[in-house]
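Okay, so here's the structure we're looking at.
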Amino acid sequence: MLAVSVLAAVRGGDEVRRVRESNVLHEKSKGKTREGADDKMTSGDVLSNRKMFYLLKTAFPNVQINTEEHVDASDQEIILWDHKIPEDILKEIATPKEVPAESVTVWIDPLDATQEYTEDLRKYVTTMVCVAVNGKPVLGVIHKPFSEYTAWAMVDGGSNVKARTYYNEKTPRIVVSRSHSGMVKQVALQTFGNQTTIIPAGGAGYKVLALLDVPDKSQEKADLYIHVTYIKKWDICAGNAILKALGGHMTTLSGEEISYTGSDGIEGGLLASIRMNHQALVRKLPDLEKTGHK
Ligand SMILES: Nc1ncnc2c1ncn2[C@@H]1O[C@H](COP(=O)(O)O)[C@@H](OP(=O)(O)O)[C@H]1O
Ligand SMILES: [Mg+2]
């Protein structure tokens, strides 16, 4: 499943790159977010979604797959998997685990940072696949199509990415949304003081990678990732799985674990950290309901 997830992220990424390079994006709005921003979609999102969905669906017909973009019921594409498992995965994952198909939920984000994609800010764009078992994130893949970099990890399995050696817990550099920010800057400065550096960036995948030891030159580094507005599970599940596999945490702002079954969205904001006392960070954050910062 990890091998198929990596392949799906890479193949989806090929579509994302091809559409961007053609300069014909067919940009549309799917509607508005709760905060009134355009919820955008392009041919890059749709074509990537189709490739990623059918690769996973053909290889694993019995698992629930939740994708950001709509898949037409009349479209019965079959995309075969060649059953090749890359060497690095074989080397890292010594003991595969079997789970019943009914316990699995797959979350596909065919193009994270669509807003930035339309602005041609390529470094923020990722494709992501996440596999949850009984709602718990287990496998995560984040792929950067314009750098051809892929990070993957499996909880209690292995990974091709690791944490950095140092994180600044006192005055952290905090990566936040540049296009769905809400009151995140105020919350961050109120919690950690005015010395704290805020790094606005696109994409939830990009922001999780900012916390890790990623060789890609276009990747900024941060110590924490905070989000305060509504967000969808395909945006965050892969990052959550990778952080968890590496000993980090992604929770709501009040420290609750996120369950990756059922509804598509989460209301309680996000706090992502690694090699820090996550619960102590949660205690430091203001209660957003009370302060009206939600
Ligand atoms: N308030 C909100 N409502 C809906 N989607 C949101 C959101 N805040 C963030 N997202 C989605 O989460 C992803 C990361 O957001 P950001 O770049 O602002 O940090 C983007 O996904 P997509 O690009 O896949 O749509 C964005 O659309
Ligand atoms: Mg998307």
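Details
- Residue match in the stretch 171-187 (condition: closer than 30 Å to residue 23 by Cβ, outside the structural domain of residue 283 (by the TED database), in a strand (DSSP E or B) and not acidic (Asp, Glu)): no
- Residue check, residue 144 in the same structural domain as residue 89 (by the TED database), in contact with a Ser or Thr (Cβ under 6 Å, 6 or more places away or on another chain) and not hydrophobic (A, V, I, L, M, F, W, C): yes
Here is a yes/no grid of residues against (1) in contact with a Gly (Cβ under 7 Å, 6 or more places away or on another chain); (2) more than 10 Å from ligand 1 (Cβ to nearest atom); (3) free of Cβ contacts under 8 Å to residues at least 12 places away in the same chain; (4) not hydrophobic (A, V, I, L, M, F, W, C):
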| site | (1), (2), (3), (4) |
| --- | --- |
| 200 | no, no, no, yes |
| 205 | yes, no, no, yes |
| 216 | no, yes, no, yes |
| 221 | no, yes, no, yes |
| 227 | yes, no, no, yes |
| 238 | yes, yes, no, no |
| 247 | no, yes, no, yes |
| 250 | yes, yes, no, no |
| 265 | no, no, no, yes |
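- The single residue among 22, 5 that is modelled with pLDDT of 95 or more, buried (at least 18 other Cβ atoms within 10 Å of the Cβ) and not charged (D, E, K, R) turns out to be 5.
- Residue list for the stretch 103-132, filter: among the small types (Gly, Ala, Ser) and more than 9 Å from ligand 2 (Cβ to nearest atom): 103, 132
- Matching residues in the stretch 12-32 - criterion: being more than 10 Å from residue 47 (Cβ to Cβ) and in a helix (DSSP H, G or I): 13, 17, 20, 21, 22
- Flag if residue 200 is at pLDDT 95 or above, within 22 Å of the chain's Cα centre (by Cα), surrounded by fewer than 17 Cβ atoms within 10 Å (Cβ to Cβ) and more than 16 Å from ligand 2 (Cβ to nearest atom): yes
- Complete set of residues in the stretch 222-250 that are among the hydrophobic types (A, V, I, L, M, F, W, C), away from ligand 2 (no atom under 16 Å from the Cβ) and under 13 Å from residue 269 (Cβ atoms): 224, 226, 228, 250
Per-residue answers, yes or no, for (1) acidic (Asp, Glu); (2) surrounded by fewer than 14 Cβ atoms within 10 Å (Cβ to Cβ); (3) away from ligand 2 (no atom under 16 Å from the Cβ); (4) under 17 Å from the mean Cα position of the chain (by Cα):
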| site | (1), (2), (3), (4) |
| --- | --- |
| 46 | no, no, no, no |
| 54 | no, no, yes, no |
| 74 | no, yes, yes, no |
| 80 | no, yes, yes, no |
| 83 | no, yes, yes, no |
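- Residue that is farthest from residue 224 (Cα to Cα), among those in the stretch 171-185 that are polar (S, T, N, Q) and within 16 Å of ligand 1 (Cβ to nearest atom): 179
- Within the stretch 52-80, the residues that satisfy the criterion of being within 16 Å of ligand 1 (Cβ to nearest atom) and of a type outside the set (A, V, I, L, M, F, W, C) are 66, 67, 68, 69, 70.
- In the stretch 25-49, the residues that are in contact (Cβ under 8 Å) with a residue 12 or more places away in the chain and of a type in the set (Gly, Ala, Ser): 29, 37, 43, 44, 48
- So residue 156, is it among the charged types (D, E, K, R) and buried (at least 17 other Cβ atoms within 10 Å of the Cβ): no
The values are calculated or read from the model by the stated rules, or taken from the named source; none is laboratory data. In this text, all values refer to a predicted model and were calculated from it rather than measured experimentally. Here the Cβ is made from the backbone with ideal geometry for all residues, glycine too, and neighbour counts use every protein chain on show.
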